[in-house]
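First up is the structure itself, then whatever we jot down about it.
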Amino acid sequence: MRRILFKSILQGPLTEPAPGVDDAELAALAAQVDHAARARLGRSLSIREIDAGSCNGCELEINALANAFYDLERFGLRFVASPRHADVLLVTGPVTKNMSEALLRTYEATPAPKWVVAAGVCALDGGLFSGSYACVGGVSAVVPVDLYISGCPPTPTALLKGLIALMQ
Amino acid sequence: MPVLADMIARGRRIEAHRLCPRVVVDDDLWRAFAAELAEGHATLLGLWGDVGAVHMGLLLEAEKAISVVTIECPEGYFPSVGRVHSPAIRLERTIRDLYGLQPEGRPDPRPWLDHGRWGVRYPLAATQEPAQPARPYAFLASEGESLHQIPVGPVHAGIIEPGHFRFTANGEAIVRLEERLGYAHKGVEGLMTGASIEQAAKLAGRTSGDSTVAYAFAFARAVEAALGVDIPPRATWLRALMAELERLANHFGDIGAICNDVAFALMLAHCGVLRERVLRTAAACFGHRLMMDCIIPGGVCVDLSASGAAQIRELLSAARRAFPPLIELYDNTASLQDRTVGAGTVHPQLARQYGCGGFVGRASGRDFDARRDLPYPPYDLLRFEVPVRDDGDVNARIWIRIREVEQSLALIEQILDRLPADGPLRAPVTAGLPGEGLALVEGFRGDVLAAVRLDSEARVERCHLRDPSWFQWPVLEAAIEGNIVADFPLCNKSFNCSYSGHDL
């Protein structure tokens, strides 16, 4: 174990610089978020992730945010285990009818002020699953959404840009 | 077993079903097949509903062959298989939830995927019924002194999929775990009915995001079998390349994540880097990190450039440098082994009865891999070993995955060496006669089954996708018994069953 730790120190970090702030995509995402919201959230966010029936593709990429390349926590962004600790709910999936009550109850368990970020095409409008008897079709049908991050699934970079937009 | 072959010969053969026989049988013969399953003469590959019929997929392990047996149920009843063979119970509950067909003599009358929230009952049946008000789910009772219950989910503390676990514990020891799933039910099979092949392929690729290549591969092979399409050789090899990259990415990610569940974050950090390198290479070569929608019926829709091949070779050498020290680290850290050895043991007999696929089965003595035992191109031309162990605990499942990483690295090298020169990537997939096809593809988690029936305009009339998790989730309930509650995340992660693939 010592050898691996030593080697890591000598090699230097793999972590990449943050996506640029002058990026047009980032500006567009930031425009979606109310200025007051950003002022309130300051420079730190606690995020509670909710899978509302996604295929798990979005979760894989959200998990990737924690790896050495993206290192989410350096931005003051942190995933928390309970909605009661959260500022932001990050919701994925087309919201299956079997999950809609759980989503609503998680939202209600989150103290205000709170924001909802819907990630992935499914979370926007149900995506490929819209029209199914088993899906509500989009997060906004159950809880109010403040920011959408597109993609199927959104790449870690796209997720990072969206979450940074919430804070800047 | 010649007995089974004789029984199959007694059924009415459906000529339109390709690559393996499908026969229609009467009630008595259906019961006889169920009895053969219970005796262990065959393995249940799947049990799925249709409008007015139920199909049973059988794996004859001795002959290494698949057969599909169908029972027509115009009255809405069929003899229960779960009554004699418990791996069928959840599948039968699902058939009833989706098609309204009643398993006669069923051991468990509770619904499974239907939580009473769809606004409709029997959504895939010819005639649906209005929903009944949702009733509280009756969890199985546990009796004894000092027992307490711990309900967990469907929203979990980590970034994982939704499902509910009901633990009954005596102090720290788990006396019973009961799973309640269905929260991720999206109605995939309902959306596929009547869809074009292209649309259905996209849906298949989103059945379980971590196995998108395996699902697209299985669906494409089933469609090609139904239509009698031969795909170009280069496409065949590229498919296997993508499948092995997907296996590699999942194994790297999960080996790290399992160790992280016993608070050994160093493995997660290093394995996470390896996983990310695989995904970035996939994105550079095929344009998508998870390689979604890259495999399509008829072939593949992206080619591998010379620079892409070079990047994959670089990935191989990077992984071969970085992975062995991590294996050594796992092997030499006593505090890690203290948690993984002896935890969550699956008895080989249970793995065999349930036909557990993937590393769950292979860590418990079930020597089956669809790539070797029911080979599909190009695996019939590739050299690889299938690691098997008998100890069946978390440690065994980790070791199987470590060995599979090594095999996949070797396979990718062979594929790159033998990849046919540039040529067409896609054969036309055009409507013809109505046809049926079935395919079994080995995903990282186990064998993914796809059964497709197409109409004369090449639209999907019925498509069933069976995730390997169907036969792993129930075994997790048994594996956890007697373990402490705090070890559940570890045991659960060592299985890593799919919620979305199971719930559909």
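Things to note:
- Number of the exception - residue B:58 against (1) within 17 Å of residue B:11 (Cα to Cα); (2) assigned to a helix (DSSP H, G or I): (2)
- The set of residues in region A:64-81 being of a type in the set (Gly, Ala, Ser) and either more than 7 Å from chain B (Cβ to nearest Cβ) or touching a strand residue (DSSP E or B) at 6+ places or on another chain (Cβ under 9 Å) (or both) consists of A:66, A:76, A:81.
- Verdict on residue B:462 being of a type in the set (Lys, Arg) and within 14 Å of chain A (Cβ to nearest Cβ): no
- The set of residues from region B:274-322 being among the hydrophobic types (A, V, I, L, M, F, W, C), crowded, with 20+ Cβ neighbours inside 10 Å and within 9 Å of chain A (Cβ to nearest Cβ) comprises B:279, B:290, B:292.
- Residues in region B:47-69 that are surrounded by 20 or more Cβ atoms within 10 Å (Cβ to Cβ) and among the β-branched types (Val, Ile, Thr): B:54, B:66, B:68, B:69.
Residue-by-condition table, conditions (1) in contact with a helix residue (DSSP H, G or I) (Cβ under 7 Å, 6 or more places away or on another chain); (2) closer than 22 Å to residue B:118 by Cβ; (3) in contact (Cβ under 8 Å) with a residue 12 or more places away in the chain:
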residue: A:78; (1), (2), (3): no, no, yes
residue: A:96; (1), (2), (3): no, yes, yes
residue: A:99; (1), (2), (3): no, yes, yes
residue: A:110; (1), (2), (3): yes, no, yes
residue: A:113; (1), (2), (3): yes, no, yes
residue: A:123; (1), (2), (3): yes, yes, yes
residue: A:139; (1), (2), (3): yes, yes, yes
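- Restricting attention to region B:451-482, the residues that are more than 26 Å from residue B:252 (Cα to Cα) and not β-branched (Val, Ile, Thr) total 15.
- Extreme residue, nearest to the other protein chains (Cβ to nearest Cβ), among residues of region B:202-235 that are charged (D, E, K, R) and over 13 Å from residue B:501 (Cα atoms): B:202
- Residue in region A:141-157 that is buried (at least 24 other Cβ atoms within 10 Å of the Cβ), more than 10 Å from every other protein chain (Cβ to nearest Cβ) and either under 15 Å from the mean Cα position of the chain (by Cα) or in contact (Cβ under 8 Å) with a residue 60 or more places away in the chain (or both) present: yes
- Subset of region A:54-69 (residues that are crowded, with 22+ Cβ neighbours inside 10 Å and not hydrophobic (A, V, I, L, M, F, W, C)): A:54, A:56, A:57, A:59, A:61, A:67
- Scanning region B:143-178 for residues that are within 25 Å of residue B:503 (Cβ to Cβ), surrounded by fewer than 19 Cβ atoms within 10 Å (Cβ to Cβ) and at pLDDT below 90 yields B:157, B:158.
- Members of region A:82-98 found to be under 18 Å from the mean Cα position of the chain (by Cα) and within 11 Å of chain B (Cβ to nearest Cβ), listed by number: A:82, A:83, A:85, A:89, A:90, A:91, A:92, A:93, A:94, A:95
- If you go through region B:147-186 and keep only what is at the interface with another protein chain (Cβ under 9 Å from one of its Cβ atoms), closer than 26 Å to residue B:89 by Cβ and touching a helix residue (DSSP H, G or I) at 6+ places or on another chain (Cβ under 7 Å), you end up with B:154, B:160, B:161, B:162, B:182, B:183, B:184, B:185, B:186.
- Residues satisfying the stated conditions in region B:255-273, i.e. buried (at least 23 other Cβ atoms within 10 Å of the Cβ) and away from chain A (no Cβ under 11 Å): B:255, B:258, B:259
- When residues in region B:471-504 are screened for being within 14 Å of chain A (Cβ to nearest Cβ), more than 18 Å from the chain's Cα centre (by Cα) and buried (at least 24 other Cβ atoms within 10 Å of the Cβ), 0 of them pass.
- Only listed residue being at pLDDT 90 or above, within 14 Å of another protein chain (Cβ to nearest Cβ), part of a loop (DSSP other than H, G, I, E, B) and surrounded by 21 or more Cβ atoms within 10 Å (Cβ to Cβ), chosen from B:124, B:98, B:113: B:113
- Boolean, residue B:44 is touching a helix residue (DSSP H, G or I) at 6+ places or on another chain (Cβ under 6 Å) and buried (at least 19 other Cβ atoms within 10 Å of the Cβ): yes
- Of all residues in region B:25-41, none satisfies the criterion of being in contact (Cβ under 8 Å) with a residue 60 or more places away in the chain and of a type in the set (Val, Ile, Thr).
- Residues that are in a helix (DSSP H, G or I) and in contact with a Ser or Thr (Cβ under 6 Å, 6 or more places away or on another chain) within region B:253-292 comprise just one, B:258.
- Scope region B:191-201; condition surrounded by 19 or more Cβ atoms within 10 Å (Cβ to Cβ) and either at the interface with chain A (Cβ under 8 Å from one of its Cβ atoms) or touching an Asp or Glu at 6+ places or on another chain (Cβ under 9 Å) (or both); matching residues: B:191, B:201
- Of the residues screened, residue B:341 is not one that is surrounded by 23 or more Cβ atoms within 10 Å (Cβ to Cβ), more than 17 Å from the chain's Cα centre (by Cα), over 17 Å from residue B:250 (Cβ atoms) and β-branched (Val, Ile, Thr).
- Hits in region B:166-205 - residues which are under 20 Å from residue A:100 (Cβ atoms) and of a type in the set (A, V, I, L, M, F, W, C): B:181, B:184, B:188, B:191
- Flag if residue B:88 is crowded, with 16+ Cβ neighbours inside 10 Å and either among the aliphatic types (A, V, I, L, M) or outside any helix (DSSP H, G or I) (or both): yes
The values are calculated or read from the model by the stated rules, or taken from the named source; none is laboratory data. If you're wondering where the values come from, they're calculated on a predicted model, not measured in any experiment. So basically every Cβ, Gly included, is an ideal-geometry build from the backbone, and we count neighbours across all protein chains shown.
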